[in-house]
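Enquirer: Mind having a look at this structure? Questions to follow.
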Amino acid sequence: MTNEESKSKGIQSIEVGVDILKKIAEADKPLTITEIAILCDTSKSKLHRYLTSFIRTGILEKSEDAKYTLGSELIMLGLRASQKLNITDVVAPYLIELKDTLNETAALAIWGEGGPFFISWEESNKPINIGIKVGSRVSVIQSASGRVFATYLPNHLTAEQINRELNKCSISVDQFQENLNTIREKEYSYVISNIIPGISAIAAPIFDHSSQVIAVLTVVGLENSLDVSENSEAVKLLKEKTTEISRLLGAPIGTLQRKDLA
């Protein structure tokens with residue numbers, strides 16, 4: 001939104017209606033009119049007019065037990081908008097925010113032929129070159145981002161590369177599967193000195209509108225400065241930002257699909 005748009009007069013009722021829709025969307029569950037009124041801090045009589053119009057236009061749907069959810073028309077609008085988004089452009093401000101807040105290198109990886117590779121990054125201000133470049137490929141089983149892809153991507157995309165790498169190291173299929181189960185449970189991955197001595201990394205998935213992993217956001221830093229524990233500032237911020245990005249891409253958070261290693 002431009003400064004001119006933010007200062008010009010709009011239609012207040014539309015803005016109120018959008019705020020109502022946001023509250024319903026954020027709830028991630030069907031809501032009664034009483035619950036919506038509490039969330040929006042408004043009266044049920046005033047709210048009823050908005051809900052009626054939203055139902056008529058397909059923006060909301062009302063179940064037989066009088067609970068409201070997002071309607072098919074709103075979902076289709078979100079899907080059309082998400083399809084126009086370029087993942088690099090969408091993630092760019094989040095990379096900068098992670099780098100500025102944590103003073104660590106933040107990078108974006110996607111899956112390509114032969115495994116994951118980085119397509120953009122923001123380097124920290126620390127006097128050390130971690131070696132991340134556009135096009136740099138990383139191991140599926142040894143890197144934090146690779147393990148996230150292995151956890152969430154379908155088997156037919158990852159099995160060949162995973163088995164090739166497992167044959168070259170001492171990790172068994174069962175051990176690796178256990179790692180993936182932990183990643184799914186914790187919703188992030190981390191490695192310490194796996195690829196480069198003294199370098200640690202954390203990574204979390206970004207999902208699209210179909211709940212498929214589309215990219216992985218990674219933070220890389222020195223082992224003695226990047227806290228990879230579950231409750232650390234870095235991990236909490238990383239997971240917060242990947243959730244925000246996934247929502248922008250239309251992902252229904254909480255409906256992630258399971259997969260097992262082939």
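Enquirer: Helix-only estimate, please: 222 nm mean residue ellipticity of the chain, summing -39500 (n - 2.57) across DSSP H runs of length 4 or more and dividing by its residues, to the nearest 500.
Expert: -14500 deg cm²/dmol
Enquirer: Which value, in debye to the nearest 20, describes the size of the charge dipole of the range 135-246 about its Cα centre when Lys and Arg Cβ atoms bear +1, Asp and Glu Cβ atoms bear -1, and nothing else is charged?
Expert: 260
Enquirer: Using a simple spin-label model with points 7 Å from Cα along the Cα→Cβ vector, what separation in nm is obtained for residue 72 and residue 22?
Expert: Going from the residue 72 label point to the residue 22 one covers 2.8 nm.
Enquirer: For the range 185-237, give the magnitude of the charge dipole about the Cα centre (Cβ charges: +1 Lys/Arg, -1 Asp/Glu; no others), in debye to the nearest 20. Intermediate values should be presented prior to the final figure.
Expert: Details: 2 positive and 7 negative charges, 19 e Å.
Its charge dipole is roughly 100 debye.
Enquirer: Enter the accessible area per residue of the chain (Å², integer; probe 1.4 Å; all protein chains in place).
Expert: 56
Enquirer: Given +1 on the Cβ of Lys and Arg, -1 on the Cβ of Asp and Glu, and no further charges, what dipole in debye does the chain carry about its Cα centre, rounded to the nearest 20?
Expert: On the way: 28 positive and 33 negative charges, 114 e Å.
Taking the Cα centre of the chain as origin, the dipole is about 540 debye.
Enquirer: Order the following by accessible area, largest value first: 147, 56, 137. Probe radius 1.4 Å; ligands, DNA and RNA are ignored.
Expert: 56, 137, 147
Enquirer: Also, quick follow-up: State the percentage of accessible surface on the chain attributable to carbon and sulfur atoms; use a 1.4 Å probe and exclude ligands, DNA and RNA.
Expert: Carbon plus sulfur share of accessible area: 51 percent.
Enquirer: Along the charge dipole of the chain, pointing to its positive end and built from +1/-1 on Cβ of Lys, Arg, Asp and Glu, which listed residue (57, 243, 102) has its Cα farthest out?
Expert: Value: 57.
Enquirer: Send over the per residue convex hull volume for the range 93-230, Cα only, as a whole number of Å³.
Expert: 112
Enquirer: Can you tell me the FRET efficiency between residue 156 and residue 178 if r is taken as the Cβ-Cβ distance and R0 is 25 Å, rounded to the nearest 0.05?
Expert: Once rounded, the FRET efficiency stands at 0.70.
Enquirer: Rounded to the nearest 0.05, what FRET efficiency do residue 170 and residue 125 have when you use their Cβ-Cβ distance and R0 = 45 Å? All intermediate terms of the calculation are to be shown ahead of the outcome.
Expert: Working: r = 37 Å, r/R0 = 0.82.
Rounded to the nearest 0.05, the efficiency is 0.75.
Enquirer: Once you put a point 7 Å from the Cα of residue 96 and another 7 Å from the Cα of residue 56, both along the Cβ direction, what distance in nm separates them?
Expert: 4.3
Enquirer: Residue 193: accessible area at probe 1.4 Å, nearest 10 Å²?
Expert: For residue 193, the solvent-accessible surface is approximately 40 Å².
Enquirer: Give me the extension gain from residue 64 to residue 247: residue separation times 0.36 nm, minus the current Cα-Cα distance, reported in nm with one decimal.
Expert: Result: 63.1 nm gained on full extension.
Enquirer: Shifting gears a bit: Mark the label point 7 Å from the Cα of residue 230 along Cα→Cβ and return the residues of the range 155-193 whose backbone N is within less than 20 Å of it.
Expert: The answer is 175-192.
Enquirer: Heavy atoms of the protein only, probe of 1.4 Å, neighbouring chains included. What is the accessible area of residue 233 in Å², nearest 10?
Expert: Probe radius 1.4 Å; accessible area of residue 233 about 120 Å².
Enquirer: What FRET efficiency would be calculated for the residue pair residue 38, residue 15, taking the C-beta separation as r and a Förster radius of 22 Å, to the nearest 0.05?
Expert: It comes to 0.65.
The values are calculated or read from the model by the stated rules, or taken from the named source; none is laboratory data. Treat the numbers as computed from the prediction; the structure is a model and nothing was measured. We place every Cβ from the backbone using ideal geometry, glycine too, and count neighbours over all the protein chains shown. Please note that ligands, DNA and RNA were not included when accessible areas were found on the heavy atoms of the full protein model with its side chains. Shrake-Rupley method; radii C 1.70, N 1.55, O 1.52, S 1.80 Å.
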